[in-house]
Structures are given as C-alpha cells and as structure tokens.
Amino acid sequence: MNATDLINYLNYFFLGVIALSALLGFWFGAFRSIYFFAGFLALFVIGWFLSPVLARVLFTVDMSALGTINDIEITTIEGVIPSLLEKISPEMGEIFAPGSGIYDFGVAAVLMTLRLVTFSVWLIVVIPILTFVLWIVYLFIKPKRKKTLVSRFIGVGVTVLHSLLSLFILSIFLAGLTSAAHSAISLTETAPSEDEPAQIIFTDQGPMLRLDNAEFEEFDFIFEFAGNYRESYLGKMSGLIKIDKAGLDEYMFDELFSLKYRKTKIKLRKELATVIRLYDLIAENVEGEINLESLVALPEEVKEQIVEEVKRLKILRVAIPLGIEYVVASGVLEKELGDLEEYLDIEKVIPELLEIDYEKEIGYLAAAFLDALALELHKMGENSQLLLTLDADTVDSLLDNVGSLQIIDIVGNEMLAAFVVSEAAQNFYEKIGFTEEIDLEGVEISSEIRNLGKIYRAFASFGITTTDYKEIDFSQITDGHINELGEAIFGSTLFSKNGGLLACALVNQLPEEYRTVITVNQFELNDFTSIAGLGLVLFSVGFFEEGADPQPADLLTEDNIEKIADYISCSGLLSANVGGILNMLMQAVELPEGLEIAIDSEFNWSGESGRAEIVALFTAANKLLELGIGESEDFLSSLTEAKIEELSDALAESQIFMSNIENILNYFLTDPEITGGMEFTIREMDWPSPTGKAEFKALLHAVATIYETDLLDNPEPTEFTNEQIDKLASALSASIIIRDNLSNIIVQAVGESVDFEIAVFDNPDDWTETEIGSLLRAARIISGKENYLVFTEEEADVLLASNLIVDSIVLLLEKYTEPEGELYDLLIIDGITDWRDTYEGEVRVDGELRRFFNASRILLGDNPDINDPDSLIDLNRLLNLSDGSVDPEDDEWGKLLASVILKQSLVNQLIKYGTDKVDEHGNVTEESVIVVKLETGDSRWDGELRAFFRAVKTILGDSDLNDFNFDPNILKDLTTGAPGEETDEVGEILSSIIVTDTIIRQIIKLGDDDSELVVALDEDDPRWYDSDTEDGEIRKLIVAVKIVFNKPEDDLNNPSLDPNIVFELSDG
C-alpha cells in the first residue's frame, strides 16, 4: 500500500463516518442528536480551556503522600524538579534555581507537557465517562412522542456535525504531525555520490548539502502521505478556517505544542518550519557543500533573506538570554576572561541583558556574522596587515551591526569607563605626554563602534595597504582624504571631547625636533585637517625639499588656492601667523604701470571672511600672472571675453583689490576694445561695499557676455541660443550700470529685426533677468515668423512671459483690426481687458492672448495666409473639431470658445452668413444661407456654436460649408431615436437654434402656393419646437416625411403626395 492508497482510504473513512452519522442521526432524531452533540461540544470546549488550568494545578498539587523516590522527597512537581537536578549535579541545581530564566524555561516546557497530557486524558477518558453519564440522563428525559420526518432530518444534520467535530479533533494531531513532516520533505530526495560513501540531498532547486550515509527511503511513505494530507477530505475540512495563515487544526496543534517563556511564545511546529525554510534557502543557493566559503559567496539579497529568516526564530530570542545566564551562572565566562568584577557590575548587567529585544539583536548578530565571513576574518590568523586590505563597505557594515547591538551598549560602556583609568591606559598617556583626564560624558560605546566603520572607510581611501612607510605613496593622499578622515575621527564623541589626547598622539609622530614647536592648547577638527592638509600642499610643490626655490605660480593653482584658504582660515594655529607669508607672496607679483594694488598688513585672515579674501586675492593674482601682467606692457591686448569674465570674477571677490577699484575701473572702462566703443554712464558708488563689489563684477561680466554674443554687431535674434539668452539676461540684469543703458542696447539688438515697435522700460530696475530673457526669446520667435497669429504652446509660453512683448502683440492686433487693417471685421477684439495671464496662488489663469493663441491654432491651422483675409477662417475646419463628448480631455471647441476674440469672430461670421445681401435701395439681392436671429451679445451663443456646427455636420456630412445649400431630401435619411435606431440625428439638428430656424424657413418655402404641402404655421410659431411634453412640428413633420415620402424617387424639393399611400399606413 502506498501513500496515495492511504489518502484514498482516509477519504473513504471520512465519507463512511459522515454516512454512518447521517444514518444514526436519522434514527436518533432531533432531540437525541442535539442533546449529545451539545454535550460533546461543551465537554470538548471545557477540556480545551481547562487543560492549561489543570496543568498548572498538577504542577503545584501536593503529592507528599508518595513519600520519597531515590532519596528525593516528593512534594509537588514544581518542588521536585530543582531537587532532582541538584541530586544529579549540584552545579546544575544552582543553574536551575527557582527565579532564574533557565528555571522558568524548564517550567514552561513541563507545563506544555502537562497540558498535552491532561488534554489527551480528557479526550480519551473524561469525555467518554461523562458521555456515559449524559446517556443515563438521556434515558430519563428523552421524549416519548414519535419522531417526525423533520425531526429525523434535523438529527441527520446535527449528528453529521457531531461526527465532523470528532474528525476535527483527530485532525488536530494529524495535521500538526503531517505539517512538520511536510516541512522536511526537501530532505528526503537523495542521490548517491559516485566517489564517496556520502550522499548529496537534492531538491527541485538543485543539490543542498552533503551528508554521510543519510538514509531517508524508509520515510518516503510518511513524507508522501504528509505532503498530500491537505488534499484529503479530512485535511480540507479541518483547514477551511484560517487563523494566522494556518488552518484551525494546525493552529490548535500549535497551541498544544507551544511553550511560553516570559513574553515569548514558541510554537514548535513553526520553529521547525522556519529552520527547514532557512536550510532550503541556503541549500538552493549553494553549489556543493555548505561551508563558510559557500556562505560568503551567497548573493547579498540571499544573505538579507537569511538574516530575516533567522530573526523569525523565536527560539533564538529565548536561547540567547538563557545562554548568557548559563555562562555566568556556570562560571564559564569567569574561567575564560578572568575576574569580570574589575570591569563589570555583573548583578546590574545581567537583568539588563535579559530585557533586550533579541529579535532585533539576532538580526544584527546574523548580519555581523555574514559580514565577518565576507571579510574572511577567520583566515587572518597572525597576519594583522590584512586589516589594511579589507573592503571598506563591508567593514562599515560589520561595525554598524555590532554597534547596533544592545549587548554592546550595556556591557561596553562600563568596560570603557573601567579601561580609561586602567594601568595600561595610564602608561600610554605618559608616553605621549597627555596629562588631562579623559572625558566620557555623552560617550556611547555603540556609537563609537559604528563610527569606527566611518574611520576605517576614510583611512582605506588613502590607499595604504602596507605598514612599511617606504612603500607608501603619500602624494596620492589628497586633502579630500584628510578631511574625510578628520570628520570621521571627530565624528566620535570620545575623540571630539578628548582632542588633546588625539593631538598629543599625532604630535608624537613628528620628528623629535619639531615636537616642541607646536604647543597644543586646543585641538579641534579644523586644526587637524588644516595642519595636515597645508603640509600636504606645501610638500606637493617641493616646499620641504632641500635646495628648492618654489615659485608663487607653482603654488597658486586653483586647487591649491582653495586648499590653502580653507586650511589657514579654519585653523586658529595657522591664521594667527599667516599675514606676513601672504604679503611676501603678493609682492612677488609685478603689476603694470598705472595699476597699483596695496595690501593691508593688518588684515585679519581668520574665519570665513579671511578665507574668502585668501581665495579672492590668490585667484586674482593667479589670473594676473596667467595674463602676463608682470611681463607684458600691453597687458589688455591679450584679454578675451572669457578672460575678462574670469578676471572680473577674481578681482571683484577680493577686498584688497576692491579697495583699489578707482584705478581698476579707469584702467578697464577707458579702453574701447573692452567697451566696444560704447559710452557708459557710471553712477557714483561705494565700491568697497558689498553693493559696489557686486556691481564691479556684474559690469565686467556683462561686458564679457556682450562681446561673447556679438550683441554690438547687430545680430539676428533668430540666431540666439538659449544658453546665450540666459547668459545675456543674467549678465545684463545683474549690472546697475548696464541697466541704466539697457534700452539702447535692446533696441540696437532687436529693433531692426521686427516690423513693429519694441516697448522699453522707463525705470531701469524693471529690466529684470526674467524680463530680459523673455524679451530676447520672444524676439527670437517673432523674428522667424511670417504671421503673428498662430504660435505653438511653447512659443506662447515664451511670448507671454515678456510684458513688453505682450504689450507689443496687443498693439499689433489693434493695428490689424483697424478699419484699414488686414483683419478688419474678421477678428473682433472689442472690450477685452484681460490680455495677460494671472495667477491665483500657484495656479495660472490664462489671459486672452494665451486663449487666443490656443484657439488660433485650432481655427486657422498651422500656416494661415494672413494676406488673404477671405480664406483666413475656413468654416469647414470647424466641422471636424472635437467637442469633448467622446473624450472629455479632447475638447477643441472648449479651447476655441475660451477665446473671447475667436468666439466673437465666429459669431460675427455666422451673423454675416445669416444676413441677406441688399442693394442700395434695401432690396434683398441674395437671401442669406442660414437664418440667424441671435444678437451678438446673446448668452446662448456658447451653446449654439457647438450645437450649430454639430448639426451642420450631421446634415451636410462631408459637404463644403462655404458653399452651404440645404437640400430638404436630407430629412428623409435622418434618424429620430425611434426603436431600432441607435442615434437621434433629428435631436442633434434641433439642438441648434440657427439650423432649426433655417429648416423652418425651408419648410415654409416648400409649402408655397404651388406646392401640395400645406404649411399653416408662420416662422415664429412656438409649435415648431419640441416641448417638455410633446414633440415639435419639425420632428413630427420629419417623421411623417420619412413615412410618406419613402420612395427613392420622392423629391422634397418638388413634393408630390400620393393619397393612396395613406391607405397603406399601419394604425398601431
């Protein structure tokens, strides 16, 4: 018999029990079935909830009557356990002393066993006995009347429930065992090795682990049965109800086979499943044997999953504190580490350790373990030099995980406090000359350990992989590396609060002759990075080499200037003595005649202001040197726009140079090669002030930008790039002097490129960067346009961003729509005041110009012929506009009608179409194509415009609206929304007032004196139109026409009514 057969037999058993219970229920009837089912259910529930209580009672019940066993006096189970353990081993008895965590865990295990025993006894013994009692009671209370058919069927249902409950109780134990067995299925498929007697376990994911002589074949039957149990009727029934993602039977099994240690509840089945799941995760990602090397090679995402699985093991949350308690109580820790009392208060620490959240602790421990494996620390041995070659990211991760352990916080802080006053520490202080006390206030060992990872990462960036100083290339160490290391070191509270200790240690590394030169009164991060960094800079230019004569130009590179400025200004030790050095360096720069720069020997070089001046002064000096200021008499002849920009940036930042600004300005602005021959009006200004400093820089920058963009050579605006425009706008707007003269510059740049006037500001401060940039971009667009009515959305954004361009376009529209203009009587712009966009908070409200541009693209197309006004607006284009009825986001009519100009213009056109042409005597020479009774200002035009063109499209289809001719025969083909017709074209037509009035006129024409059609209604009769209660005459007529004139040869232009057709009509 195989597992499949057993599952089938189990199903037959399940069905048999159900069938038998149904027969018994039919025989028993309702009363007896309900009575025994209620009693059985009550006994089961009572037993379930009473079993833990009974277990606790059994644990504490007095059993002294049993006397003694093996010289152990029997009192209670609770009392016997310590006595028994002490009998076995006094040391074990001490470890399991009442009140200890190990004792509590043992009690939890005993209580779990007692509950399992009591519940089993309850099921096997108590329930049968009490059921027999219920039978006796039943004999006295059973009803005498005959069982009805309804009673018997109720009995069937209740007895089936009774049997299902009994089967469910069986399933509690069966489901738990099969679930545990099912979790271990991955361990059963083995394949023998050809080389060794060992075997390799296989799953569908591949080889998992090499085991010697693993024999699982004999369990195949059990594992197969366990894997298919849930497919049986009993398994499906018992697993219908889910609690915490487990079937009810598995949940109750877990409740029985679980123990609670303090706040942690351990469910044995779940723990087993987690362990096997963890094993599977490792095995399916490892090829070959599972060892440290294979674990190191696992992908990072797999390692993260392993950590998460380990964190789920609640048994570890219990095992760790119990293990700590054990090693302390057993004396193992003291044997290995000596007298801990010298560093730790054990009585204080142990309770704190037991209160740790070990779920997080396990995660950090697992992650740290994987990091240590990745670093191959287990291979290091005595070779400590390998510490210099470790992966910085992994070291940082390892120390971060270790530092996150609560154990470290609890134990480490006390041990650190004890170490800093130890004899070994005192000997080190004496060696380096440190005489202060260590300040540990605010120092947390966990943070210090985590910070060690940052220190290692910073040190690793130095590229030092050996302890042999001769092999270290110090030239590869940059100031960035030093800053990073300094920030990492002083990121430590321990080091930052005890800078003197660090300083003494560093000074102790200098050659002996230099140690007395540096007096350490205060040592902070800035001093560390500044001194080390400045020394590195000077060393890089050969400052410390014997016989070297370093030149200022070698030192004044951009990178070195920034470094020197940072180091000197940030360090009190350096800034106090640097003035003479800077003065000496600046004197080495020879300035041309007429350009004199004086340096204030009393200038304060410390702090941010000192740093800025050092950068500015050295940068300016470097620029002057690069331009040959000390060698060439014709210094300015070598200047280009780019060099002017660089030089202006440099000079304007220096207070030393700005204090000599009169000389500098006269030198530069009187040279026509720099100004392009343009005369500047220069305001009086306090040049050394921040305002004067900024203006000087802005002025020279503007001049450089003007030359770079050839703005003075009458360029075409269409050739401006965005980058050029941005640079011009930024540069021109930044200079007060340029803004004072900007109107002439703008007119010269774009005035000849457009055929209308460009407005300019009277107030120079109105020339903002935004306005200048917008104006130039708008000029670029307009210069490349043949018409000024149709713009893309992007072009409109640019145009409308310029106030001057908006004013110019409005003037242009007014010019076009004057009586002599090309668009007179075509575009109507009367009464419009909201030309510009406005904003409500951050929400833009489109102005009429933007709405007009949007509508123009729709109405006029991309390339309208502004020189042909008669064809400018093609009404046929309107027939194909979307109205938002299909897609609310696609509403071209909405965009069109949003423009007051275009709406008024359309209304004007329709009114013109609806106006008869008359001669000089007022006689109608040509009747209008359509009937338009709405006045220009009628509020109904918004809806009518949509309705009119929708109706026209329905009537004309693809016909030409410019050659509009209404054919009455169209009425014969219109749909009315009648049964069988999906649309109501008549309704669409009649929704338009103009089309309706036009149809009325045509109908009245059809009913003239010579026609057989009699029309008794005049044009203004309200009966033509649909009302809320009745169809109008037009709709009725169209329906009648469709019926009467239904032959192809019938012509409504010359209707001929055949009376005989009336007799062929149905009457409903």
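The values are calculated or read from the model by the stated rules, or taken from the named source; none is laboratory data. The structure displayed is predicted, hence computed values, not measured ones. Methodologically, a virtual Cβ is constructed for each residue, glycine included, from the backbone with ideal geometry; neighbour enumeration extends over all protein chains shown.
Of all the numbered requirements in (1) buried (at least 16 other Cβ atoms within 10 Å of the Cβ); (2) under 30 Å from Lys360 (Cα atoms); (3) at pLDDT 80 or above, Glu487 misses one, and that requirement is (1).
Here Gly288 passes the criteria (1) modelled with pLDDT of 70 or more; (2) surrounded by fewer than 15 Cβ atoms within 10 Å (Cβ to Cβ) except the one numbered (1).
Number of residues in the stretch 1002-1039 that are among the small types (Gly, Ala, Ser) and within 15 Å of Val986 (Cα to Cα) equals 2. Of the residues examined, Ala55 is not one that is modelled with pLDDT under 80, in a helix (DSSP H, G or I), of a type in the set (Gly, Ala, Ser) and more than 56 Å from the chain's Cα centre (by Cα).
Of the residues making up the stretch 821-867, just one is in contact (Cβ under 8 Å) with a residue 60 or more places away in the chain, surrounded by fewer than 17 Cβ atoms within 10 Å (Cβ to Cβ) and within 16 Å of Leu811 (Cβ to Cβ), namely Asp830. Criterion applied to Glu414, Glu448 was being at pLDDT below 75 and either within 20 Å of Leu506 (Cβ to Cβ) or among the acidic types (Asp, Glu) (or both), and the one residue passing it is Glu414.
If the condition is being surrounded by 11 or more Cβ atoms within 10 Å (Cβ to Cβ), among the hydroxyl-bearing types (Ser, Thr, Tyr) and in contact with a strand residue (DSSP E or B) (Cβ under 9 Å, 6 or more places away or on another chain), then the stretch 889-948 contributes only Ser928. Applying the criterion of being at pLDDT 75 or above and of a type in the set (Phe, Trp, Tyr) to the residues of the stretch 751-778, the residue that is farthest from Lys815 (Cα to Cα) is Trp767. Report whether or not Phe40 is surrounded by fewer than 18 Cβ atoms within 10 Å (Cβ to Cβ) and modelled with pLDDT of 80 or more. In short, no. Against the test of being touching a Ser or Thr at 6+ places or on another chain (Cβ under 7 Å) and in the same structural domain as Tyr35 (by TED's automatic domain parsing), the options Thr131, Thr148, Thr118 yield a single qualifying residue, Thr118.
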